[in-house]
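The values are calculated or read from the model by the stated rules, or taken from the named source; none is laboratory data. Note that the coordinates shown come from a computational prediction; the quantities given were computed from them, not determined experimentally. Because the Cβ atoms are built from the backbone with ideal geometry, glycine has one as well, and the counts that use them run over all protein chains shown.
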Amino acid sequence: MKNFVTKFMFAILLMAAFSLSSCQEEFEELPNNTNEEAIVASSSTAKLIERASSKDGSFDNIVDGASCFAVQFPYTVNVDGLDITIDSIEDLELIEEIFDTVETDDDILEILFPITITLADYSEIVINSKEELRSIAKECIEGGDDDDIECIDFVYPVTLYSFSVNLEKTSTVTVENDRQLRRFFGDLEDHELVSFDFPLTLEQYDGTKITVENNAELALALENAEDMCDEDDDDDYNDDDFTKERLDNYLVECPWLVRDVIRSSQDQSAQYFEYLMNFKEDGTVIVKDRVGNSIEGNWSTRVGANSNRVLLKLEFTVLVDFNLEWFVYELGDGIIKFYANDGADKILMKRFCVDNDTPDTLRGLLKECNWIIKKVKLNNEEINRLLGYEFSFLADGVVTLSNKTTTSQGTWAITTNAQGRLVMAITMGDEPGVSFEWLISDLRNERLKFSIEGTYYELILERNCDDDENDEDVTWIRGIFDETKWEVDLFSQNEDDITEGYATDTYSFTADGEVIITNPNDQELDRGSWRVYRNSEGTLEMILNFSDNSNYHPLANDYVILEVEEDEISLKHKNDDGSYDRLDFELIE
């Protein structure tokens, strides 16, 4: 028994000796100094400090796909055929916007070399080719195999002391940022000793600030911060970090419209387009198809055990294409994206919020003022002959449509469709171009948009309360055109000059909104209408329209007024495909 106790006590003393030896290597006591201990440059605490002050390269993973370095600004990339100069972190968002424009395309980004990259230790390397970049990027493994600690930061300035092997202070240095701190520790020899001027302030990822009084507290704070947040080190640059709670709340706040569905890399969007998904707090989800049929399923969320990523599980008996556990890819700006199986399966949904008072709000807006047609598309047909026409929504359910010379009358009502979505129903027998149940998609005080995105129906209205009679710019331009004659000096469509077909005619603008076109022999060729107004964005516009079968129908459009002189005016129209039409008039008399 005595022999056992002796051996037991010897083991305890041996463990204590090892423990003391370990602490001695980590921290060195400083005699007669207000700072109690120093850090050995080769110690684990010093390595934690280096990792916390390293250069974070994850913010530009959309460009280089690597978290252990960052590309120095400025540089140029080609995104889906478009050259973009990247001068700041904000410019990286433009790349994401281009990628998001078409959800199912193959996003292509090419870097224009040479570039300079900054490594974790702030050293710089010039890269001359894609092959060189890929070689260095191999050191950064998907999932976050870079060493930096991003969830906590030093609050600067910070003062440090260095000491000789005899524990005599040799120098004092004050650092102002991570770069200086990282380089200070990187330049130390393994045996060198340094100490902070405590207390130090550290700021965590959520803005919380903590104070540490010694090296032990500092090491503990840095260690705890390693898994405190999602450092976004993976190549999924667009995952928009968020919590399970945020996703749960976001899903149940409003219904969601299905836009894109990809299963096994096959586009199934047409089958499910505009399905309405309503997530309930009790874990059920109600789906309404386009004709109003209801389908019920279940939903749940969880945080992945190994990835800290939030997943959504959907379960249906009928909608089997939705039955997966989906990674949340992007959350925000009114949309949410999911993917599974390395991107072979995707869902894109758009948020659809309608307040209880929205129908009354819309009715009130419509009745307050007149509304100018800026764009109308019915069954994929652009009806430019109605551009500039003006709706008047009357209290008794009567609506009129006028271009000052002709007026049509019909009925209107704000109601809901089979899915329970808000629509403006217009019936106008002698003008079928506007007779439709227009689905509200954008509700503003000055502008209303009715559409089903990705389909062939769209109506955009601009508010016009007093015909801009108090707008001096509008009245001045109208005065220039009233009872005057003009000729076309330039007309181009998508930069194709087709002026020749319109330049020999005379265009007479009348005070009542008509455009009368005559040939050189003063014979009338056609009639149309014109309007000048200020749109909801504060821009001056001129609208021209002609009948659909008119030879002058190509001139019909809503044009931004670029420049106005008393004897000439320049107009420009941007098409849906991004091309431009240009129309210039020159005064004759």
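Quick grid of which residues meet (1) surrounded by 16 or more Cβ atoms within 10 Å (Cβ to Cβ); (2) among the basic types (K, R); (3) within 19 Å of L583 (Cα to Cα):
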| residue | (1), (2), (3) |
| --- | --- |
| D473 | no, no, no |
| G479 | no, no, no |
| T484 | yes, no, yes |
| D496 | no, no, yes |
| Y502 | yes, no, yes |
| T506 | yes, no, yes |
| E537 | no, no, no |
| E541 | yes, no, yes |
| S550 | yes, no, yes |
TODO: Hey, can you tell me all the residues within the range 166-193 that are within 19 Å of A52 (Cβ to Cβ) and either among the aliphatic types (A, V, I, L, M) or in a strand (DSSP E or B) (or both)?
DONE: V173, T174, V175, L181, L188
- [ ] Would you mind telling me which numbered condition in (1) of a type in the set (V, I, T); (2) closer than 17 Å to L587 by Cα; (3) part of a strand (DSSP E or B) I480 fails?
- [x] (3)
- [ ] Among what's in the range 411-439 and is in contact with a helix residue (DSSP H, G or I) (Cβ under 8 Å, 6 or more places away or on another chain) and more than 24 Å from S294 (Cα to Cα), pick the residue that is surrounded by the fewest Cβ atoms within 10 Å (Cβ to Cβ).
- [x] E431
TODO: Output yes when any residue across the range 507-515 is closer than 23 Å to L461 by Cβ and part of a strand (DSSP E or B), and no when none is.
DONE: yes
Open item on the list: Return the residues of the range 548-570 that are among the hydrophobic types (A, V, I, L, M, F, W, C) and part of a strand (DSSP E or B); say none if nothing qualifies.
Closed with: V560, I561, L562, V564, I569
Task: Members of the range 389-401 found to be modelled with pLDDT of 90 or more, in a loop (DSSP other than H, G, I, E, B) and among the small types (G, A, S), listed by number - done: G397
Open item on the list: Just the residues that are part of a loop (DSSP other than H, G, I, E, B) and either outside the structural domain of L331 (by TED's automatic domain parsing) or not aliphatic (A, V, I, L, M) (or both), please, taken from the range 294-312.
Closed with: G304, N306, S307, N308, R309
Open item on the list: If the requirement is being surrounded by 16 or more Cβ atoms within 10 Å (Cβ to Cβ), modelled with pLDDT of 90 or more, among the charged types (D, E, K, R) and assigned by TED's automatic domain parsing to the domain that holds T76, which of these qualifies: E132, E124, E103?
Closed with: E132
Task: Subset of the range 418-468 [among the small types (G, A, S), assigned to a strand (DSSP E or B) and either in contact (Cβ under 8 Å) with a residue 60 or more places away in the chain or within 23 Å of S269 (Cα to Cα) (or both)] - done: S441, S451
Open item on the list: Given (1) under 15 Å from F327 (Cβ atoms); (2) surrounded by 12 or more Cβ atoms within 10 Å (Cβ to Cβ), identify the lone condition not met by D289.
Closed with: (1)
TODO: Just one of (1) at pLDDT 80 or above; (2) under 28 Å from the mean Cα position of the chain (by Cα) trips up E368, so point out which.
DONE: (2)
Task: Extreme residue, farthest from N464 (Cα to Cα), among residues of the range 516-547 that are without any contact (Cβ under 8 Å) to a residue 12 or more places away in the chain and part of a strand (DSSP E or B) - done: E524
Task: Selection from the range 175-196 of residues that are in contact (Cβ under 8 Å) with a residue 12 or more places away in the chain and within 40 Å of the chain's Cα centre (by Cα) - done: V175, E176, N177, D178, R179, L181, R182, R183, F184, F185, G186
- [ ] Please enumerate the residues belonging to the range 278-289 that are touching a helix residue (DSSP H, G or I) at 6+ places or on another chain (Cβ under 9 Å) and farther than 19 Å from Y457 by Cβ.
- [x] N278, F279, K280, E281, V285, V287
TODO: Starting from the range 45-66, keep only residues that are assigned to a helix (DSSP H, G or I), then list their pairs with residues that are β-branched (V, I, T) and surrounded by fewer than 19 Cβ atoms within 10 Å (Cβ to Cβ) whose Cβ atoms are within a distance under 7 Å, requiring at least 6 positions of separation or different chains.
DONE: F59/I89; V63/I111
- [ ] Looking for whichever is of a type in the set (F, W, Y) and under 24 Å from the mean Cα position of the chain (by Cα) here; the options are F316, F322, F338, F393. Which one fits?
- [x] F338
Task: Pair list, Cβ under 6 Å, 6 or more apart: the range 149-164 residue closer than 13 Å to S195 by Cβ, other residue of a type in the set (V, I, T) - done: V158/V175; T159/T174; L160/V173; L160/V194; Y161/T172; S162/T170; S162/V194; S164/T170
Open item on the list: For the range 243-264, which positions are assigned to a loop (DSSP other than H, G, I, E, B) and surrounded by 14 or more Cβ atoms within 10 Å (Cβ to Cβ)?
Closed with: C254, P255
Task: Hits in the range 204-225 - residues which are β-branched (V, I, T) and either surrounded by 15 or more Cβ atoms within 10 Å (Cβ to Cβ) or on the phi > 0 side of the Ramachandran plot (or both) - done: I210, V212
Task: Hits in the range 197-223 - residues which are within 34 Å of the chain's Cα centre (by Cα) and without any contact (Cβ under 8 Å) to a residue 40 or more places away in the chain - done: D206, G207, T208, I210
Open item on the list: Which residue is surrounded by the fewest Cβ atoms within 10 Å (Cβ to Cβ), if the candidates are limited to the range 145-165 and must be aromatic (F, W, Y) and in a strand (DSSP E or B)?
Closed with: Y161
Open item on the list: So H573 ticks every box in (1) assigned to a loop (DSSP other than H, G, I, E, B); (2) under 35 Å from the mean Cα position of the chain (by Cα); (3) surrounded by 13 or more Cβ atoms within 10 Å (Cβ to Cβ) but one. Which box is left unticked?
Closed with: (1)
- [ ] Determine if the range 364-375 includes at least one residue that is β-branched (V, I, T), closer than 21 Å to L443 by Cα, in contact with a strand residue (DSSP E or B) (Cβ under 7 Å, 6 or more places away or on another chain) and outside any loop (DSSP other than H, G, I, E, B).
- [x] yes
- [ ] Scan the range 277-293 for residues that are part of a strand (DSSP E or B) and either modelled with pLDDT of 90 or more or on the phi > 0 side of the Ramachandran plot (or both) and jot them down.
- [x] M277, N278, F279, T284, V285, I286, V287
Open item on the list: Any residue in the range 381-398 that is in contact (Cβ under 8 Å) with a residue 60 or more places away in the chain sitting within a Cβ distance under 6 Å of a residue that is buried (at least 21 other Cβ atoms within 10 Å of the Cβ) and of a type in the set (D, E, K, R)? List the pairs, counting only those 6 or more apart or interchain.
Closed with: L387/D558; G388/R531
